[in-house]
Amino acid sequence: MNKNKGLIRSLLLLLILILLWNSFRTSIFEAVTVQKINENEMTVINFNNLERTIAVPMDMSKLIEENKEYTILYDKRVFDKYRLRSIKP
């Protein structure tokens, strides 16, 4: 019985931690120029000359061209890197 209580408490604590981590997500929408692209990430620069490296899904990396302007939406979570959600020319 005590093992079940400990397991339930551990799972509940894990669920709370995941929900808290997910709630600290920031979504950013901006116009950028792609500087470099590879299969895992791209480096972009916005109109304020702020450079960021953003994780890119592998299936999208072949469609993005360097030195072109795009409008992107990406997320940033606590203790995680920037992750691309959408991109439009």
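Points worth noting:
- FRET efficiency estimate (nearest 0.05) - Cβ-Cβ, LEU17 to ASP59, R0 25 angstrom: 0.25
- Candidates ASN67, ASN49, ASN40: whichever shows maximal mean-square fluctuation once the chain is modelled as a Gaussian network with Cα springs under 10 Å: ASN49
- With the cut-off at under 18 Å, measuring from each backbone N in the range 52-79 to a point 7 Å along the Cα-to-Cβ line of THR26 picks out 52-55, 72-79.
- Number of Lys pairs (Cα under 26 Å; 8 or more positions apart or on different chains) in the chain: 12
- Listing VAL44, VAL34, VAL78, VAL56 from fewest to most neighbouring C-beta atoms within 10 Å gives VAL78, VAL34, VAL56, VAL44.
- Whole-number percent relative contact order across the range 14-67, with pairs defined as alpha carbons under 8 Å at least 6 apart: 30
- Helix axis angle, 2-23 relative to the chain longest principal axis, alpha carbon, degrees: 20
Each value in this text was obtained by applying a stated rule to the coordinates, not by laboratory testing. As the structure is a prediction and not an experimental result, all values here were calculated from the model. Here the Cβ is made from the backbone with ideal geometry for all residues, glycine too, and neighbour counts use every protein chain on show.
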